[in-house]
Structures are given as structure tokens and as C-alpha cells.
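Here, each number is a calculation from the coordinates, and none is a lab measurement. Please read all numbers here as calculations on a predicted model, not as lab measurements. When we count neighbours, we look across all protein chains shown, and the Cβ atoms used for this are built from the backbone with ideal geometry, even at glycine.
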Amino acid sequence: MHCTGDWINTRYHTMKLRTKYLLFVIILHLLTLVLTYFIFQQNTIFFIASEIFIIISLIISWNLYQQLIQPLKSLMQGIDAIRDRDFNVKFLPTGKREVDELIGVYNEMIDQLRIERTSQEQQHFFLEKLIYTSPTGIIILDYDANIQQINPKALQILSIDEKDLINHSVDDLPNHFLKHIKSLKTGETKTIKLGGATTYKLQRAHFIDRGFSRDFIMIEELTAEILAAEKNVYGKVIRMMAHEVNNTIGPVNSIIQSALKTDPLWEGHHSDSLKDALQVALDRNQNLNLFMRNFADLVKLPQANKKRIDLNQLVISVSKLMEIKASEKGIKLELELAQTPFYISADEQQMEQALINIVKNAIESVEENGIVKFKIDVKSRQLIIADTGKGITAEQSEQLFTPFFSTKKDGQGIGLTLVREILINHGFEFSLNTVASCQTEFAIMFK
């Protein structure tokens, strides 16, 4: 009996409001009908009057149902629409003040929700567009620190397919660049070099998404700004050095030459050693002048006079110029040229000088009996100069193309810097990397 009572109580509480209302009205009127039968069964007039009253009451109850329950039913449809994120369902006024106030509040709420959703969609679309077209590389991580989204600029910088990144952890990927990102902590900034030529700023930050923190990484190329500042600094230093050296060496050389040409000073054999010493000093001064001119050429590099030239012929010319130097160390020069003329727009003299410097460095990095190979990749529009030398260490890679830095004992540190300036003047991208054991590649990408 107790279980039966609980079941009835549960069923009552799970009934809808309109069902409760109708059940209450029907029971009430049935009870009234039975009572009037027993009370007025002796008086037909009162019985008929009471029945009429009950009928009128039923009609009024039904009208109340229409006025109260039906609008609520319509509002329930609105709630279902909100649950389905459909903010276009609105209701017309019924003419009943209380219900119309409720409908007014609902319609106002729907309008506000629709405006907010439209605003959020527009903001989301704008943000997605901004991320997609941003000149800064952006990598967005999910709650588990896996890569969820990456924009085209970041893909270009990393040189890796999107499918190899999405849903992967930064910690699990072998890419050298990503290893730098792995070491970044939230809020930190780091500057790195890739291929010795391109400088990037890495920054890791976070944002709150649905109450949880998510990280994102920004990759910004700083090469142009850094190169401009760097060139301004070393340009001033070189100009100052050239000025001081020329002002000193010019008069000194003039005095020495005058002394060497004055025969009375050198009469007798006892002065030969002094004359030889002065000649050595003069030669050293001439070498110092040449040294400073090399630096001055770096600062005074003219704008590229671009013309249509065949890269095949340029590579052949450079290889012939460097053939003797290579043969001295038993190094073989190999050429893998395009089968048809491969035209580029470039200053022939400047590009020849750049290629000579690149090949010279490649030859010097090979100890004995190695190979320096020229390869023109027509499909990717690249020239790759590869050597079988000892390669580049991680420490050296950070310093490549830096003015005055050289891995050679007596190097001036201007060879690769001049190459860099020439290629930048032409708008050609380039990189220098050790890609495998005994395989270092200098790649030039032509537009």
C-alpha cells in the first residue's frame, strides 16, 4: 500500500501543468455534479439551474485554459528553440496583459541573444580571417597542449605539412624549429636563427577558453629589421676604420716609396736589409689597403642591375673559375644543370661574386678529395651548392652571415656577409644548413 501511494505521488509530480489543470477541473465539476444531484433531486428547477451553472463553469474553465495554458505551451516551444540555438522564433501579442508582458520579455531576450550570437560569429570570423592572413606565424594549442590550429605563415616558416602537425604534441615532433618552441614557457620570448640567415622571435602566451587556459605561439620574422640595424652599425664602423687607415697609410706609403726611389740613400751593400724591410712594410700596407677595400665594398654595394641571364651559363662560368682552386685539394666539381636554359632576373656580376664566395667556402670546408656539387632544381626554382665537408655546428649556425664572424683562423668574416647582402638586394631567399653527415647545402630560391 505504501508503494502504491509513492507511485501515485511520483506520477502526480511528473504530470505536465496543463494535465494537472484539466484533471483538477474535471474532478471538481464531476464532484459538483454528483453533489447537486443529491442536494436538488427533489427540486427540479434548482437541479437544472445548478447543471446550467456547472456548464457555464466548464466553459469559463476552458477559456481560462486557452488564455493561460496555451500561451505557456507556445513559450515552451520558444524554450525548445533556445535549446536548439534557434534565435529566430518570436511570438505575437495575445491581447492579455499578463501573457503579453511575458511574451514581451521573451521576445526581447530572443532579440538580444540573436544580436549577441551574430556579434560573436562576426568576431569569430574576423579573428579566423586575421589569424589566416596574419604575416606572423600563429600556432594554437588545445587544452592538452596538442596543436589544434596553425596558420599558413607558420606552415611556410616550418616547411611542414599541416597534417603532420594537427593533433600532435609539440614535444613529439622532430622539427628543429619546434624544439625551440618546446623549451618556451608561457609568457616567455626567445629569438633564434634558422639556416644562419633568418631571425625569428618566438613568443608563447595563453588565453581563457570556456574557463580553461590554452596556449598559443607567435612566430615573427625579424630578419629585415635586424639586418637594417646591423648594417647601419657595421657600416659606421667600416667607414671610420677606412678613413683612419687611408689617412695613415697614404702618407706612410708616400714616404717609403720616396725613400726607395732615392738612390743616394742605398749606395753601398750595407743598406740592402733596410731597403728590403721597407719594401716588406710597403707590401704590408698595400695588403692592408686591399683588406679595407673589401670591407668598403660590403658597405658600398650598389643596387642590383637586373637582367635576364641563364643560370646554367653562370654556374658553368663559376665552376671554371674555381676549378683550379678545387683541384689543388683534389676536390671534384659536379654539375647537375637544367636541360634547357634556366633564366633568372639578376645582376650577373654580383651573382657571380656571390657564387664564387659560396663555392670558395665549400672548397675550404672540404679537407681532401671531396665533392662540391651544383644542382639546379627547375621545379622548385632553386640552386643548391652542396659539399662533403665537415659541416656546420649548432653554435656556428647561430653566427653564420654575421659580419666579422669566421670559422677560419685568418678569416675576415665578410665572405658570407657579402653573399647575404647580394641575395637580399635581389630579393632571393636562401639558407645554409648541414642536412646530413658530410652534406652541407647552400640553397638559393629564385622568384
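Could you pull out the chymotrypsin sites (Phe, Trp or Tyr not before Pro) across segment 122-169 that fall in loop regions by DSSP (anything but H, G, I, E, B) with no more than 13 other Cβ atoms inside 10 Å? All intermediate terms of the calculation are to be shown ahead of the outcome.
Numbers: sites: Phe125, Phe126, Tyr132, Tyr143; in loops: Tyr143.
Filter output for segment 122-169: Tyr143.
What FRET efficiency comes out for the pair Met76/Ile27, r = Cβ-Cβ distance, R0 = 25 Å, nearest 0.05?
Values: r = 25 Å, r/R0 = 0.98.
Here the calculated transfer efficiency is 0.55.
On a straight-distance basis, which aspartates and glutamates could pair with Lys90 in a cross-link, Cα separation under 13 angstrom, same-chain partners fewer than 8 positions away excluded?
Asp80, Asp100, Glu108, Asp111
Under a Cβ-only charge scheme (Lys and Arg +1, Asp and Glu -1), can you give me the dipole magnitude of segment 279-388 about the Cα centre, in debye to the nearest 20?
360
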